[in-house]
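Chemist: Please read through the structure below; I'll follow up with questions.
Computed from the coordinates by the stated procedures, all read-outs in this text should not be read as laboratory data. This is a predicted model, so every value here is computed, not measured. Cβ placement follows ideal geometry from the backbone for every residue including glycine, while neighbour counts extend to all protein chains displayed.
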Amino acid sequence: MNTRTDHPDPQVARAARFDTATLSDALDKLGIAGQCYRIKPRDSGFRMAGRAWTLLYGPAGNPPGTVGDYIDDVPPGSVIVLDNGGRDNATVWGDILTEIAHRRGIAGTLIDGVCRDTWLCRQLGYPVFSKDHWMRTGKDRVQVEATGVPVNIGDARVAPGDIVIGDSDGVIVIPKEHEGRVLDAAEAIDAAESRIREAVRGGMRLDEARKQFKYHQLQTRESA
């Protein structure tokens with residue numbers, strides 16, 4: 001389940017056909033802010049696709065709460081989405097979670113914050129996307145506030161069940177209520193770009209090819 005092409009959900013599989021750049025253009029066309037700013041893969045080869053399973057962290061109380069023992073409740077094929085408020089001084093994901101998630105067929109992990117033990121996610125090929133990585137634990141520093149709630153990842157709102165796609169360029173989120181329109185737009189953009197490439201390879205000027213296949217109209221923003 002850690003590839004983008006073997007997902008049993010037909011809409012996720014449909015979204016996984018496209019790279020994040022094409023999906024980003026489709027989101028822009030519809031005026032939807034679904035690009036996760038400054039979120040990067042811990043390995044350039046990581047790709048993931050799935051529906052969001054969300055968790056929100058907050059500062060640890062006194063006595064501190066747990067960082068979370070949720071992993072066995074996450075459905076296979078999901079993307080685990082952890083909102084740690086962008087914190088870069090405490091991690092909420094490491095090698096034990098990576099091993100279990102990989103074994104259970106989780107599609108990947110997305111973090112607004114940092115992770116650690118990146119050697120294992122690379123070794124197993126388990127996709128982790130985060131702002132950075134660092135070794136210090138989140139234990140006694142942060143705690144779980146809620147699961148199954150809307151969260152913020154790199155200035156993008158992620159609700160449970162939204163489609164999450166990640167690749168070497170980053171991560172985009174497709175809101176569940178707009179997924180049909182976003183994917184329709186992505187398909188149109190992808191088809192036009194393919195025709196433009198073929199025309200240019202055949203000797204046509206780029207500006208002429210873009211005009212012929214209405215490329216700029218495809219980029220014109222609509223209301224969501």
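Chemist: Quick one: order Met135, Met204, Met48 by neighbouring beta-carbon count within 10 Å, fewest to most.
Modeler: Numbers: Met135 11, Met204 14, Met48 26.
Fewest to most other Cβ atoms nearby, the residues stand as Met135, Met204, Met48.
Chemist: Find the relative contact order for the chain and round it to a whole percent, using C-alpha pairs within less than 8 Å whose residues are 6+ positions apart.
Modeler: Once normalised by length, the contact order is 30 percent.
Chemist: Mind sorting Val12, Val149 by how few other Cβ atoms lie within 10 Å of their own Cβ, fewest first?
Modeler: Values: Val12 22, Val149 13.
Listed from fewest to most nearby Cβ atoms, that is Val149, Val12.
Chemist: Using the Cα atoms as the points, what is the convex hull volume per residue of the chain in Å³?
Modeler: 118 Å³
Chemist: Another question, if that's okay. Add -39500 (n - 2.57) for each DSSP H run of 4 or more in the chain, then divide by its residues: what number comes out at 222 nm, to the nearest 500 deg cm²/dmol? Each step should come with its number before you reach the end.
Modeler: Values: 7 runs with 67 residues, N = 224.
Mean residue ellipticity at 222 nm (helix-derived): -8500 deg cm²/dmol.
Chemist: While we're on this one: Once both axes come from the Cα atoms, what is the angle between helix 95-104 and the longest principal axis of the chain, in degrees from 0 to 90, rounded to 10?
Modeler: Tilt of helix 95-104: around 60 degrees.
Chemist: Taking the chain, how many lysine pairs are there with alpha carbons less than 24 Å apart, if each pair must be eight or more places apart or span two chains? Please report the intermediate quantities before stating the final value.
Modeler: Working: Lys29/Lys40; Lys29/Lys176; Lys29/Lys211; Lys29/Lys214; Lys40/Lys131; Lys40/Lys139; Lys40/Lys176; Lys131/Lys139.
Qualifying lysine pairs in the chain: 8.
Chemist: Measure nothing but the geometry: give the 0 to 90° angle between the long axis through the Cα atoms of 20-29 and the longest principal axis through the Cα atoms of the chain, rounded to 10°.
Modeler: 70 degrees
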